[in-house]
Amino acid sequence: MKEDQNMSTISKKCREFLNLVHQAIKMQKIFSIGNSRRAFSPIRKALKARGWVEKCSAEVLVEEDTHTKTSEIINRLLKECNANFIWVINSVDFGSIRDGTIVSRFPKSNHFTTKVGLCSFLDEFHWFYEPNISKAVAPRTFKIVTEEDIDNFIKEFGLTACVALLKIIVNQVTTAESDHFFRNGKVPVSVVDFANAQCSEYIQHRQHDDIDRQESPPTTAKDWTDFLTWFSRLAHEDEKFQTTTYP
């Protein structure tokens, strides 16, 4: 009696399994994804929850547990069927893709589907800006590809620290708080002059006021290292400014 119940249960599961596969073929819900069962498991799970059936690659079949060859059975049933949705992470030959097949990538789309492409696109977007017509607001982006890219990032990082330090000072004055200024503090007040000088130089450069003036002495790498060290201690370690008198 118990064996009959087990056989009945197995038979029922087989019918449900076959029905799922046939329904997926009918509704064009066959997908193929990656070359590893460990990759993109959330996507697999989401698609299967919506009635999709996976046609596995040979690599995935090898990885699967030999005691549960479900994917191998499905692949046999789907032998003559093409995937309706293909998820890829590498380049794909779109010429070999059948019409009507959905692919997770667009042809010739590197300018907006890669990090470097997105950065390049945002860098060039100012050419499309028109006052009161089109405006783009996006976070600052940097491509760390060439030596020039690295240099630009370092300069922007330093300038951002200068602005942040001046904001700390302004906030102290505006809120009538002076807990950053103590006689036993360790951060030299000269870092404020340094930050102010860098911001002033940047503003003059942006306004083209630096064309006819005499060049200032270049800021050395040591100057920046010292400033960033003091700024980090002030902003992130709650260090205080060193003063000769109480504020």
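Annotations for the structure displayed:
- Ordered by the count of other Cβ atoms within 10 Å of each Cβ, fewest first, 72, 80 give 80, 72.
- Interchain or long-range residues, amide H under 5 Å from residue 103's placed H: 86
- Chymotrypsin sites (Phe, Trp or Tyr not before Pro) restricted to DSSP loop in the range 197-245 with at most 14 other C-beta within 10 Å: none
- Phi-based couplings in Hz for the range 17-25 (Karplus 6.51, -1.76, 1.60; Gly and Pro marked x): 5, 5, 5, 4, 5, 5, 5, 5, 5
- Exceeding the 26 Å Cα-Cα cut-off - candidates 115/155; 12/48; 48/143; 29/79; 55/143: 48/143; 55/143
- Length-normalised contact order of the range 147-242 in % [C-alpha pairs under 8 Å, at least 6 apart]: 46 percent
- Applying a DSSP loop filter and a limit of 14 other Cβ atoms within 10 Å to the chymotrypsin sites (Phe, Trp or Tyr not before Pro) in the range 122-165 leaves 129, 142.
None of the figures in this text is laboratory data; all of them are computed from the coordinates on show. A quick note: this is a predicted structure, and the numbers were derived from the prediction, not measured. Note that each Cβ is placed from the backbone with ideal geometry, even for glycine, and that neighbours are counted across all protein chains shown.
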